[in-house]
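Heads up, the thing below is written out as structure tokens.
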Amino acid sequence: FFFFFFFFFKQKTAYEIGVRLVGSEMCIRDRVSTQSTWDTMLPLPIKQGERTNLFDPLMENIKSEFGPQVAERLENTLRLLQEYRDSLVEIQKYIAGMDSLKRVAMQSKIYLSMWSSICQSFTFGPEKGSIDIKFTWTDPYKRKKTVNANPNSERMAVLYNLGVVYNQIGQNLASLNGNYKEAAGEFMTAAWIFEELRTELGNYNLKDLGVDLSDQHVHMCSHLMKAQAQHCVYEHLCGATPDKYGLMAKVVMQTAICYGSAYSLSLIHICRCRRSTLCRSRWSPYH
């Protein structure tokens, strides 16, 4: 009676952004910073959740609305949904390496697809015939728990963490493997996720979900991911085409603009004390 569709985020590389700046064809003969790429990539905090029982309320609703045969047919699928949810709310335990990061990213995408289908197929709320589930997530900045019965708030929290995971994948590729081209693609995927998250927050008119899910913070995260993608493009150019000074200059300028945008947004953000200082230290060498 309802279907689960798996969606896949299109991974954009920084090359697809296009170099849109015009400026002088300045020569870059040396690296702009002696810091390692790992030191110049900014991590984002993971949003921690609490376990909640999805299986029983969903099964009870399906039995009453569609009959026990439909409930029995969907039992294994709902158990898988519960299993994914239990692992994703304690995501910090499962992101120790590249393989685990990629596994968490895939599980997050599957869960989001399944959860979107459920949100479209059921009515949530305290009313009779509806499904009443509370979702608890903790703001990593203020360490404040938020409890929300809106099923879309669950999607926003998991989508945010998915952006954080792609950011960490990009950091690992840049720092451990020196694979800057692929890392740029992962950072751009993270940027796209944060842009999508910001759009959905506005469409659903969801508020008071925590500092990390505020419009300013999500907007800042998007610019930060674009900056780190451009940074990786520059690192790649330094090794692959060190003689293309004009292109490198434009990439450096674009990187500074993206870091500057993230820094400006962090100034009005409640966690500005740490994040703005980090942004400032990263983008200032490019000026």
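Suppose the filter is more than 19 Å from residue 100 (Cβ to Cβ) and either among the hydroxyl-bearing types (Ser, Thr, Tyr) or open to solvent by less than 30 Å² (accessible area, probe 1.4 Å) (or both); does residue 199 pass it? So residue 199 fits the description; yes. Considering only residues that are touching a residue at least 60 places away in the same chain (Cβ under 8 Å) and under 20 Å from residue 116 (Cβ atoms), which ones fall in the range 182-206? Matches in the range 182-206: 189, 192, 193.
Per the conditions (1) surrounded by fewer than 17 Cβ atoms within 10 Å (Cβ to Cβ); (2) in contact with a Ser or Thr (Cβ under 7 Å, 6 or more places away or on another chain); (3) not basic (Lys, Arg), the sole criterion not satisfied by residue 100 is (2).
Consider only pairs whose beta carbons are under 7 Å apart and that are at least six residues apart or on different chains; among these, list those whose first residue lies in the range 240-253 and is β-branched (Val, Ile, Thr) and whose second residue is at pLDDT 75 or above. Close Cβ pairs satisfying both conditions: 251/230; 251/233; 251/234; 251/237; 252/234. Of all residues in the range 242-253, none are modelled with pLDDT of 85 or more and touching a His at 6+ places or on another chain (Cβ under 9 Å).
When each of 147, 158 is tested for being open to solvent by 30 Å² or more (accessible area, probe 1.4 Å) and either touching a strand residue (DSSP E or B) at 6+ places or on another chain (Cβ under 6 Å) or within 20 Å of residue 214 (Cβ to Cβ) (or both), the lone residue that passes is 147.
Tally up the residues in the range 68-94 that are polar (S, T, N, Q), touching a helix residue (DSSP H, G or I) at 6+ places or on another chain (Cβ under 9 Å) and either at pLDDT 90 or above or on the phi > 0 side of the Ramachandran plot (or both), please. The total comes to 2.
The rows are residues; the columns are (1) at pLDDT 80 or above; (2) out of contact with any helix residue (DSSP H, G or I) (no Cβ under 9 Å at 6 or more places or on another chain).
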| residue | (1), (2) |
| --- | --- |
| 190 | yes, no |
| 196 | yes, no |
| 208 | no, yes |
| 228 | yes, no |
| 235 | yes, no |
| 260 | yes, no |
| 276 | no, no |
| 279 | no, no |
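Scanning the range 175-194 for residues that are outside any helix (DSSP H, G or I) and either open to solvent by less than 40 Å² (accessible area, probe 1.4 Å) or basic (Lys, Arg) (or both) gives a single hit, 178.
The values are calculated or read from the model by the stated rules, or taken from the named source; none is laboratory data. Just so we're clear, the structure is a prediction, and the values are computed from it rather than from any experiment. Methodologically, a virtual Cβ is constructed for each residue, glycine included, from the backbone with ideal geometry; neighbour enumeration extends over all protein chains shown. Note: areas computed on protein heavy atoms with side chains; ligands, DNA, RNA excluded. Shrake-Rupley method; radii C 1.70, N 1.55, O 1.52, S 1.80 Å.
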